[in-house]
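The structure under discussion appears below in the form of C-alpha cells.
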Amino acid sequence: MSIDPNAVQRTAEKVLAEEFLSARSKILDLAAILDRLERAPGSIENAAQMQLLGQCLKILCDDEFDKARRVQLLMSRQYDPDWRKTYGLH
Amino acid sequence: MDYIDPHIHMVSRTTDDYETLARMGCVAMSEPAFWAGFDRGSVESFRDYFRQLTEFEPKRAAQYGIRHFTWLCINAKEAENVSLSREVIAMIPEFLSSKNVLGIGEIGLNKNTKNESTIFLEHLELAVQYDQQILIHTPHLEDKFQGTRMILDMLMGDSRINRSRVLVDHVEEHTIETVLENGFWAGMTLYPVTKCTPQRAADMIEKYGPERLMANSAGDWGPSKPTAIPDLIMELKRRGHSRELIRRVVYENPRQFFSQSKNFDPTILPG
Ligand SMILES: [Zn+2]
C-alpha cells in the first residue's frame, strides 16, 4: 500500500455524491443565519463583519480555485515584513 | 489503530477521558504548557503547574497504558507580562531533565504584540542554550496569518535553530505551505470552533502529502474534542486512503519528531 495520498484519488463524481448532503446542510445553515439577521431589529448593513461575509460569499461563487485558502486570507490581518523595525526588535 | 496525540491539554480533562482515549487507540501524547483560562499571579503558580505536568499527569496517563510527555514555557497570552515571563523562563531549567520533558513549548504569539515577540525570542534563546526541541502555538482567527509569518521570521532569523526540531502547530489552509516549505514540522489542530475540522485536515493531507505533517486535538478546557484524531482516521479511511498513509500521519510522524528529544526513547513505542 502507498503513503501517497494521490494513490486513491476519488473521482469528482464520487466526491460530489459523498459531500452533496453536507454542502446542502451547510448552505442551509448559512441561509438561515442571514434570515435571522434580517428578522432581527437593528441595522448591520454597514457593519465590517457583514462586508467581510459578503466578500467571502463572492469567493465561494467565483470561477477560481483554492477557495478555503482565499477565504482564510480575506479574514486575516495584514502581515508587514518590516514588523521588527516597527517594534524596535532586531 | 494506535495513534499519538502530539498536542493535548490533559490537565483540563477528566480521568474518564484518559480511559476513552486509551480505548480509541491513543498510546502516547504530549502536553505543551499553556494558558489556564486565567492569568496566574506568580512564578510559583507555574512551578506547581510544571510539577503537575512532569509528575502527576504521567502517572494518571500510565494507569491507562498511555505514555505522557510534556513541553514547558510561559504561553503567549501570559507573555504579555514580561517580568513574570522572565522569572518563569529562569525557572524552567530546573525541570528540563524530568523524564517526560520533550522541549520548550507551546511558545508563540497570541495578539502579535511587541511583548509577546520579545518573550518568544527569549524562549528561543533558552531552547538553543539547553539544546531543546520547540513546539509552537500560532494565533487564532484573524491573527493567525500575520502571527505565523512573524514567528517564521524570528525562527529563520536565528541560524542556530534546527528547523527539523521545530513543530509549528495550528496550521490551516493559509499557513501550512510556508511552514512545510521552509523545513519545519506542521501540526493541524482539529478544533470545533476556531481551527480545523477532520475533513479540512484530510484535504490538507491530500494536498501536501504526509511528510512532516501531524494532527492533534488540543483537547483543552474550551469546546474541544479529545477524540478528534480518531475522527480524522475515520475520515481518511472513508476516503479510501491506505493504512500506511494514516499511520504515518497519526503515529510515525509524531514518534519520529519526538525521537529528536533526549528524553524520548523510541523503543518504548513499536515502530
Ligand atoms: Zn495548546
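The values are calculated or read from the model by the stated rules, or taken from the named source; none is laboratory data. Quantities reported herein were computed from a predicted structural model and do not represent experimental measurements. Quick reminder, even Gly has a Cβ in these numbers, built from the backbone with ideal geometry, and neighbours come from all protein chains shown. Side chains included, ligands, DNA and RNA excluded: accessible areas come from the protein's heavy atoms. Shrake-Rupley method; radii C 1.70, N 1.55, O 1.52, S 1.80 Å.
Of note:
- Selection count where residues are in a strand (DSSP E or B) and away from the ligand (no atom under 14 Å from the Cβ), scope segment B:202-224: 1
- Within segment B:184-201, the residues that satisfy the criterion of being more than 9 Å from every other protein chain (Cβ to nearest Cβ) and either in a helix (DSSP H, G or I) or open to solvent by 60 Å² or more (accessible area, probe 1.4 Å) (or both) are B:PRO192, B:VAL193, B:PRO198, B:ALA201.
- Checking each residue in segment B:225-239 for being within 16 Å of the ligand (Cβ to nearest atom) and within 15 Å of B:PRO6 (Cβ to Cβ) picks out B:PRO226, B:ALA228, B:ILE229.
- Sole residue being within 14 Å of another protein chain (Cβ to nearest Cβ), more than 29 Å from B:ARG200 (Cα to Cα) and basic (Lys, Arg), chosen from A:ARG69, A:ARG39, A:ARG84: A:ARG84
- Going through (1) modelled with pLDDT of 95 or more; (2) surrounded by 10 or more Cβ atoms within 10 Å (Cβ to Cβ) one by one, A:ALA40 falls short only on (2).
- Failed condition for B:ILE4, given (1) open to solvent by 10 Å² or more (accessible area, probe 1.4 Å); (2) within 16 Å of the ligand (Cβ to nearest atom); (3) touching a strand residue (DSSP E or B) at 6+ places or on another chain (Cβ under 8 Å): (1)
- Within segment B:120-148, the set of residues being open to solvent by less than 40 Å² (accessible area, probe 1.4 Å), of a type in the set (Val, Ile, Thr) and in contact with a Lys or Arg (Cβ under 8 Å, 6 or more places away or on another chain) comprises B:ILE134, B:THR138.
- In segment B:110-120, the count of residues that are over 20 Å from B:MET29 (Cβ atoms) and in contact with a Ser or Thr (Cβ under 7 Å, 6 or more places away or on another chain) is one or more.
- Residue within segment A:21-44 that is in contact with a Leu (Cβ under 9 Å, 6 or more places away or on another chain), assigned to a loop (DSSP other than H, G, I, E, B) and under 30 Å from B:ILE246 (Cα atoms) present: no
- Lone qualifier among B:VAL88, B:VAL82 - being surrounded by fewer than 16 Cβ atoms within 10 Å (Cβ to Cβ), closer than 24 Å to B:THR138 by Cβ and β-branched (Val, Ile, Thr): B:VAL82
- Figure legend. Inter-residue proximity from segment B:15-36: first residues open to solvent by 30 Å² or more (accessible area, probe 1.4 Å), second residues within 16 Å of the ligand (Cβ to nearest atom) and among the charged types (D, E, K, R), beta-carbon distance below 6 Å, spacing 6+ or different chains. Indicated pairs: B:TRP35/B:LYS77.
- Counting the residues of segment B:137-183 that are within 16 Å of the ligand (Cβ to nearest atom), charged (D, E, K, R) and within 12 Å of chain A (Cβ to nearest Cβ) gives 3.
- Matching residues in segment B:1-24 - criterion: being within 24 Å of B:HIS241 (Cα to Cα) and within 16 Å of the chain's Cα centre (by Cα): B:TYR3, B:ILE4, B:ASP5, B:PRO6, B:HIS7
- Considering segment A:1-36, and only residues there that are within 14 Å of chain B (Cβ to nearest Cβ) and β-branched (Val, Ile, Thr), the residue that is surrounded by the fewest Cβ atoms within 10 Å (Cβ to Cβ) turns out to be A:THR11.
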